[in-house]
Amino acid sequence: MEDLTSAKEEKADQEVGEVGRPWEEITVASSQDPESGLSEPLELEQGPERGPQPRSSPPRSPQSRTSTPLDDFTGPDASSAPSPPQEAPSPPSILTLARQELGTPWQSDKTPDVDPKAGTPRSPHLEQSSDKGESTAPQTCQSEGNNFQQSQQTGHHLYGPEDVSENNSKQKELRFNIFQEEDSNSNYDLDCAEPGVSEVAPSLLEIAIQSAKAYLLKTSSKSGLNLYDHLSDMLTKVLDERPENAVDIIESISQDVKMAHFRKKLDTLQNENEMLPTYEIAEKQKALFLQGNLEGADQELEDEIAENSLPNLMESAFYFEQAGVGLGTDETYRIFLALKQLTDTHPIQRCRFWGKILGLEMNYLVAEVEFREGEDEEDIEDEDVPEERDDGDSGADEDDEDELPRAFYKTPQATPKEESRTGANKYVYFVCNEPGRPWVKLPSVTPAQIVIARKIKKFFTGRLDAPIVSYPPFPGNESNYLRAQIARISAGTHVSPLGFYQFGEEEGEEEEEVEGRRDSFEENPDFEGIQVIDLVESLSNWVHHVQHILSQGRCNWFNPIQKSEEEEEEEDEEKEEKGEEPDYIEQEVGPPLLTPISEDLEIQNIPPWTTRLSSNLIPQYAIAVLRSNLWPGAYAFSNGKKFENVYIGWGHKYSPDNYTPPALPPVCQEYPSGAEITEMDDPSVEEEQAFRAAQEAAALPEEMEETEEDEDEEDD
Amino acid sequence: MDSESLLLSLELASGSGQGLSPDRRASLLTSLTLVKRDYRYSRVLFWGRILGLVADYYIAQGLSEDQLAPRKTLYSLNCMEWSLLPPATEEMAVETSVVKGRFMGDPSHEYEHTELQKMKEGEKVFEEEVVVQIKEENRLVSVIDQIDKAVAVIPRGALFKTPFGPIHVNRTFEGLSLSEAKKLSSYFHFREPVELKNKTLLEKADLDPSLDFMDSLEHDIPKGSWSIQMERGNALVVLRSLLWPGLTFFHAPRTKNYGYIYMGTGEKNIDLPFML
């Protein structure tokens with residue numbers, strides 16, 4: 001503070017052209033190191049002879065600035081350096097001291113600077129000052145308390161706008177500024193400063209200027225800023241960045257400056273939290289990239305190339321990109337690496353990227369996998385719905401005389417699920433949310449799940465353990481639902497060009513028998529390819545190579561009657577089977593494997609598939625692209641020899657009509673109506689009276705005889 | 001998405017699976033600059049693609065200086081030749097609301113819809129079945145308009161309103177911060193505000209009139225009709241509309257990149273309440 005005062009004395013004496021600059025120097029210096037040569041910068045500024053700024057300062061860093069003077073003036077500084085916040089100025093002694101100090105360094109530092117009005121020379125200085133102001137701010141905070149800091153800032157900003165706006169009448173300004181500085185509150189008190197500068201009598205103009213400035217320096221009660229600082233910050237920013245048409249965006253700049261002002265203190269804390277997930281996933285993906293570098297022996301490399309259970313995903317992605325389908329090259333590459341990781345950790349015979357299913361919170365990447373022979377890992381079997389017989393046996397009291405009527409409702413027997421590697425469970429599916437995250441195996445699908453999945457339509461959330469709340473209630477959670485949808489989509493949309501697959505030779509001739517359904521196929525080594533044009537024009541050139549799922553929920557028909565007969569023989573309990581099951585259930589038949597897709601049913605006059613050539617401009621290298629209209633998001637491409645299927649979408653079937661949830665079944669009868677128990681409505685009052693009247697009429701002649709009949713009259 | 005940053009935007013929006021093939025991309029880059037010059041738009045947006053049975057429509061929109069002024073819509077079948085579509089009107093919306101199903105892909109296709117109309121003959125009033133022809137072009141126009149009104153998204157701060165009225169692109173928009181990017185309230189509908197006046201005075205007091213002059217996505221009905229996800233760690237925020245599946249909005253926080261694109265069949269997902 002004292003330095004300041006001294007400086008101000010100096011200024012008062014000297015006629016300086018520019019107030020801002022020197023002013024600022026003073027402030028800055030004082031803020032930085034009250035003990036050290038604060039006066040240093042002061043002097044620089046003071047340069048009475050020069051109008052323009054002490055350009056000398058700019059090239060030097062703020063710190064150096066203070067340090068050099070320090071070196072020079074340790075002596076006097078030490079003496080003059082008071083404990084930092086000193087409210088009461090003791091002008092004379094310090095003044096003289098300061099004056100001396102001022103003199104010498106000033107000369108050395110002086111750089112002939114030129115035009116006070118020039119924006120350019122000023123701006124670096126401005127900037128520096130701003131930097132200084134800011135850097136010193138925290139220091140001052142600690143040493144001098146908030147007030148000081150405030151004034152520091154005001155101080156160093158002060159000069160900026162001041163310079164620009166008040167070029168003319170600045171000498172007295174200097175004094176003015178100093179006064180400001182001294183008073184840590186923005187509402188400075190002219191009076192207290194007065195005694196120090198009694199030499200010059202303020203004129204009316206000066207008073208006006210002073211009060212205007214005081215007003216500008218008033219701190220906002222809400223935000224702790226003041227207009228003066230804010231304007232100087234803004235102008236600094238504009239001059240630094242030089243945007244086009246700055247006047248149009250000046251409001252936004254103002255807002256940005258305000259925001260930046262506040263953020264400074266909290267920066268470190270916020271950044272850490274926010275960026276963490278980004279770094280996390282980047283680390284995981286880095287692990288993906290590095291997995292190949294373990295013990296890179298040549299032997300392993302050969303093994304890898306020989307085994308080749310991984311598909312060439314990049315090649316498929318390239319073709320799909322021609323069709324306008326895909327996840328982006330980088331993402332596909334990461335998926336590729338994730339698949340490689342999958343094949344490395346599990347004994348997999350064949351692996352394929354099945355597609356991506358979008359969810360509400362997270363998405364699923366699905367890989368279709370075939371384990372090697374005999375290496376099936378069966379995880380814990382899902383508990384199938386146990387076959388309960390809900391007859392009256394389980395809970396009914398058995399009275400000899402009065403057996404409660406038994407319901408003849410039987411829980412429908414659950415259809416057993418298909419064995420692995422057959423039908424809907426032919427492949428095993430792994431999912432992950434993002435490449436880099438661990439792959440999770442999906443459980444096998446049961447027919448019940450498929451049947452109910454057909455009746456509901458729910459979005460996936462992205463969490464495998466999320467419950468599915470729906471009517472009819474889905475037996476399982478999201479992982480089961482996901483698996484069921486994957487099975488349906490595969491069955492509905494996996495197609496290949498005609499002739500690519502053929503039936504194996506061992507099957508023999510039988511086709512029509514129940515057991516003899518062909519469900520295996522193999523690649524045709526003699527496949528010669530089909531012209532792309534043919535593939536596009538005619539749908540009969542494409543065939544389904546995944547078995548159709550019957551309405552029972554399985555691919556291979558299971559006859560439930562057989563089973564129940566066996567159980568009847570086994571169980572010895574009495575049952576009142578009312579024989580509601582038909583003796584014979586129609587066997588469900590679906591289209592056989594390798595049916596051309598031209599046989600697919602239309603959806604209300606919309607063809608089930610749309611075919612396109614990937615490019616009309618260069619047809620000779622184009623590929624055929626198939627798009628499913630039944631399952632939006634399912635694509636297949638073929639270039640004649642190669643083909644591939646993929647699904648990217650929400651996982652739902654298309655239906656032009658609205659979804660209607662199925663109606664509840666009618667309420668069952670509790671027990672059979674029979675002679676013994678008949679449910680009747682209670683008689684109404686009139687009926688009762690009529691009955692009674694009839695009874696009395698009949699009883700009149702017979703009243704002697706039967707009194708029992710009266711008892712019969714008692715109705716409930 | 002802005003045609004200036006088409007390639008980057010397509011890359012960022014690729015998470016939804018639908019993109020453009022290389023020849024379409026290349027044609028778009030060329031033709032959109034020509035459109036901008038010929039029609040003198042200040043900004044051209046590639047709006048997206050509507051999948052039809054026979055062909056696909058590629059849609060672009062041109063904006064004038066005032067960002068919220070009605071946009072001009074153009075369509076093309078091959079990304080090279082663009083034709084201007086008529087502006088959407090109320091009658092068109094009513095007329096085409098009866099048409100269901102996929103788009104055909106042929107702009108001159110006409111849907112037939114039979115309806116009972118009351119005809120007066122002399123003094124008798126009877127109902128007669130009338131077959132109404134609805135042009136696919138009108139259907140296209142009204143669907144695009146509906147999608148725009150319902151789900152076109154813009155982040156808060158990207159546009160600002162001057163005191164004189166016109167809305168400008170905010171050149172000092174540096175992107176949303178990460179914490180803001182995860183909240184639905186930082187995204188606005190890119191259309192004239194409908195619900196602003198229904199806010200209480202207390203809420204309005206917190207709004208900044210130059211930035212908060214559009215409806216936010218927060219109060220969309222049904223609740224949960226937006227899926228908001230962070231992809232690539234926290235480097236990209238993607239909003240997908242569940243009401244019009246196919247609409248994807250992406251934004252890379254702390255950068256200026258944002259945009260939305262519609263790649264879908266042009267049908268509203270009326271089953272949304274059952275699916276949530």
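The values are calculated or read from the model by the stated rules, or taken from the named source; none is laboratory data. Just so you know, these numbers come straight off a predicted model, no measurement behind them. Because the Cβ atoms are built from the backbone with ideal geometry, glycine has one as well, and the counts that use them run over all protein chains shown.
Modelled with pLDDT of 80 or more and facing chain A (nearest Cβ under 10 Å): does that describe residue B:192? When the stated conditions are applied, residue B:192 does not pass them. Inside the stretch A:589-612, residues that are within 11 Å of chain B (Cβ to nearest Cβ), touching a residue at least 24 places away in the same chain (Cβ under 8 Å) and assigned to a strand (DSSP E or B) make up a count of 5. Just one of the listed residues (A:317, A:282) is part of a helix (DSSP H, G or I) and either more than 14 Å from chain B (Cβ to nearest Cβ) or at pLDDT 80 or above (or both), and it is A:317.
Look at residue B:62 and say whether it is touching a Lys or Arg at 6+ places or on another chain (Cβ under 7 Å) and away from chain A (no Cβ under 14 Å). Taking the combined requirement at face value, the residue satisfies it. When the stretch A:602-616 is filtered for residues that are at pLDDT 80 or above and among the hydrophobic types (A, V, I, L, M, F, W, C), the ones remaining, listed by number, are A:606, A:609, A:613.
Restricting attention to the stretch A:428-445, the residues that are within 14 Å of chain B (Cβ to nearest Cβ) and in a loop (DSSP other than H, G, I, E, B) total 3.
Matching residues to (1) of a type in the set (A, V, I, L, M, F, W, C); (2) facing chain A (nearest Cβ under 10 Å); (3) crowded, with 20+ Cβ neighbours inside 10 Å:
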{"position": "B:168", "(1), (2), (3)": "no, yes, no"}
{"position": "B:179", "(1), (2), (3)": "no, yes, no"}
{"position": "B:234", "(1), (2), (3)": "no, yes, yes"}
{"position": "B:238", "(1), (2), (3)": "yes, yes, yes"}
{"position": "B:245", "(1), (2), (3)": "no, yes, yes"}
{"position": "B:255", "(1), (2), (3)": "no, no, no"}
{"position": "B:263", "(1), (2), (3)": "yes, yes, yes"}
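State which residue is farthest from residue A:321 (Cα to Cα) when the search covers only the stretch A:621-673 and only residues that are of a type in the set (Lys, Arg) and within 13 Å of chain B (Cβ to nearest Cβ). Across the stretch A:621-673, the extreme among qualifying residues is A:653. Quick check on residue B:49: is it more than 9 Å from every other protein chain (Cβ to nearest Cβ) and either of a type in the set (S, T, N, Q) or at negative phi (or both)? Against the criterion (more than 9 Å from every other protein chain (Cβ to nearest Cβ) and either of a type in the set (S, T, N, Q) or at negative phi (or both)), residue B:49 does not qualify. Just to be sure before I move on: is residue B:202 buried (at least 16 other Cβ atoms within 10 Å of the Cβ) and not in a loop (DSSP other than H, G, I, E, B) in the structure I sent? In short, no. Being under 22 Å from the mean Cα position of the chain (by Cα), among the small types (Gly, Ala, Ser) and at pLDDT 85 or above is a property that residue A:466 has. Is at least one residue of the stretch B:1-23 touching a strand residue (DSSP E or B) at 6+ places or on another chain (Cβ under 7 Å), under 20 Å from residue B:190 (Cβ atoms), away from chain A (no Cβ under 11 Å) and assigned to a strand (DSSP E or B)? Checked against the condition, which is being touching a strand residue (DSSP E or B) at 6+ places or on another chain (Cβ under 7 Å), under 20 Å from residue B:190 (Cβ atoms), away from chain A (no Cβ under 11 Å) and assigned to a strand (DSSP E or B), the stretch B:1-23 yields at least one hit. Kindly indicate whether any position in the stretch B:135-144 is touching a residue at least 40 places away in the same chain (Cβ under 8 Å) and within 14 Å of chain A (Cβ to nearest Cβ). Within the stretch B:135-144, not a single residue is touching a residue at least 40 places away in the same chain (Cβ under 8 Å) and within 14 Å of chain A (Cβ to nearest Cβ). Across the stretch A:361-374, the number of residues qualifying as in contact with a Gly (Cβ under 9 Å, 6 or more places away or on another chain) and either at positive phi or buried (at least 21 other Cβ atoms within 10 Å of the Cβ) (or both) comes to 4. Check whether at least one residue in the stretch A:446-465 is part of a strand (DSSP E or B) and buried (at least 19 other Cβ atoms within 10 Å of the Cβ), and report yes or no. No, because not a single residue in the stretch A:446-465 is part of a strand (DSSP E or B) and buried (at least 19 other Cβ atoms within 10 Å of the Cβ). Just to be sure before I move on: is residue B:220 acidic (Asp, Glu) and within 12 Å of chain A (Cβ to nearest Cβ) in the structure I sent? So residue B:220 does not fit the description; no. Selection of the stretch B:145-176 for residues being at pLDDT 85 or above, of a type in the set (Val, Ile, Thr) and outside any strand (DSSP E or B) yields B:147, B:151. Of the residues making up the stretch B:216-230, those that are crowded, with 18+ Cβ neighbours inside 10 Å and not polar (S, T, N, Q) are B:217, B:220, B:226, B:230. Hey, any hits in the stretch A:327-344 for a residue that's modelled with pLDDT under 65 and aliphatic (A, V, I, L, M)? Scanning the stretch A:327-344, I find no residue that is modelled with pLDDT under 65 and aliphatic (A, V, I, L, M), so the answer is no. Taken over the stretch B:94-110, residues that are among the basic types (Lys, Arg) and either more than 11 Å from chain A (Cβ to nearest Cβ) or closer than 19 Å to residue B:59 by Cα (or both) amount to 1. Residue count for the stretch A:347-356 satisfying the condition of being surrounded by fewer than 19 Cβ atoms within 10 Å (Cβ to Cβ) and free of Cβ contacts under 8 Å to residues at least 40 places away in the same chain: 1.
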